[in-house]
Amino acid sequence: MSSRFFNPENGIWPFFAHVGDLVVLSLLWALCCLPLLTLGSATTALYDSVFHGLRCGEEDILGRYFRTFRKELKNGILSTLLWGGIAALYYLILQLLQGSGKDPVIRTGVTLFTLLPPLFLLGIFCWVFPLLSRFTFTTLALNITALRLSLGHILRSLLMALLALAAIMICRLFISPLIFVPGLMALLFTYIMEPVFSQYQ
């Protein structure tokens, strides 16, 4: 029985290899995100490596990560700046609304504004960098396409936004999940997005 367990053709070893790849890619993603401006390029490379390496079984998963990271660096930085600006503007508006009195109607409006737009924006954001990993776009076309796809596939967008929000909250509470959560999220997103992407290939 032990000889069957240690057989490299046993189905359990590819599973452990995939888990190892997810951990390495997650750590690499976290490291590459440290400058913040490179968050987009790192996320593009993560999705691309997870899809081609884990879903399609291609080799040289780390080489692919670095090639994609370098290739999409400029577009990734521009899109990261765009979304960083949107987040900063939303935060500013929210701060202004929260200081606008104690009227119950205003408080209800502020509550809705606190909950709904972040999910909507996060739903759009979730499409941006996977799109960049699979297709060639200018920065403007990339983000317009992400908006169109998020509206055209609203349930997928909502699911991804909720998953991303849960991942963010988990990693804020406990730093250790960073060793696998980014890669796991990218893998889950491939199952949500690839049926859509396949329609355009």
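Read-outs throughout are calculated quantities, based only on the coordinates presented, and are distinct from any laboratory measurement. As the structure is a computational prediction, the values presented were derived from the model and not from experiment. No Cβ is skipped: glycine too gets one built from the backbone with ideal geometry, and neighbour counts run over all protein chains shown.
Quick notes on this structure:
- For ILE144 and GLU194, the difference between the fully extended length at 0.36 nm per residue and the C-alpha to C-alpha distance is 16.1 nm.
- Extension gain (nm, one decimal) between TYR91 and THR136, 0.36 nm per residue minus Cα-Cα: 13.1 nm
- Neighbour-count order for CYS171, CYS126, fewest beta carbons within 10 angstrom listed first: CYS171, CYS126
- Förster-model FRET efficiency, 35 Å R0, LEU34 and LEU155, C-beta, rounded to 0.05: 0.55
- Computed from label points 7 Å out along Cα-Cβ, the spacing between MET169 and VAL23 is 2.8 nm.
- As a proxy for reagent exposure, ranking ILE124, ILE154, ILE86 by other Cβ atoms within 10 Å from fewest up yields ILE154, ILE86, ILE124.
- Ranking of ASP21, ASP60 by count of other Cβ atoms within 10 Å, fewest first: ASP60, ASP21
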